[in-house]
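In what follows, a single structure is set out as structure tokens and then discussed.
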Amino acid sequence: MSRPSLSQQQQQELQKLQQMSQQLSSLQQNYYQMQGRQRELENTLKSIAELPDTDELYRNVGQLMFKSQVGKTRVDLTEQLELIEIRVKQAKKQVDDLEKIVKETESKLRASIQ
């Protein structure tokens, strides 16, 4: 049994679907990376939660290590966590929205082929 050939419009829709699927994959990867960073920040904040603000610790910044007070580090990490939480929510919304569009486009394309 041979497959029916796709019309020009169906081919364009298929190509559009493939591009959106690639974009979705990229967005999902970015989302998972941000979630990982969020967990890392949360765990770090938990591990220094009981330390006095005046204690000192060493922080990695790129390839360098800097001495910093726990209180300042806690403030910096809290700010970073707040920012990444916003970005994670935005990324989740983008992923969800694009997933919906991909599913709708796929359904329309399947219906037009049959």
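The values are calculated or read from the model by the stated rules, or taken from the named source; none is laboratory data. None of these values were measured; they are calculated from a predicted model. Cβ placement follows ideal geometry from the backbone for every residue including glycine, while neighbour counts extend to all protein chains displayed.
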Return the total of residues in the range 69-114 being under 30 Å from Ser47 (Cα atoms), surrounded by 12 or more Cβ atoms within 10 Å (Cβ to Cβ) and either in contact with a Lys or Arg (Cβ under 6 Å, 6 or more places away or on another chain) or not aliphatic (A, V, I, L, M) (or both). 13
Residue among Ile86, Ile48 that is touching an Asp or Glu at 6+ places or on another chain (Cβ under 9 Å), of a type in the set (Val, Ile, Thr) and free of Cβ contacts under 8 Å to residues at least 60 places away in the same chain: Ile48
Could you check how many residues of the range 75-114 are among the basic types (Lys, Arg) and over 18 Å from the mean Cα position of the chain (by Cα)? 3
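Would you be able to say whether some residue in the range 30-42 is part of a helix (DSSP H, G or I), at pLDDT 95 or above, closer than 19 Å to Ser107 by Cβ and of a type in the set (Ser, Thr, Tyr)?
Narrowing the range 30-42 to residues part of a helix (DSSP H, G or I): 30-42.
Then drop every residue that is not at pLDDT 95 or above, which leaves 30-42.
Checking which are closer than 19 Å to Ser107 by Cβ leaves us with none.
Within the range 30-42 (the criterion being part of a helix (DSSP H, G or I), at pLDDT 95 or above, closer than 19 Å to Ser107 by Cβ and of a type in the set (Ser, Thr, Tyr)), the answer is no, since none of the residues qualifies.
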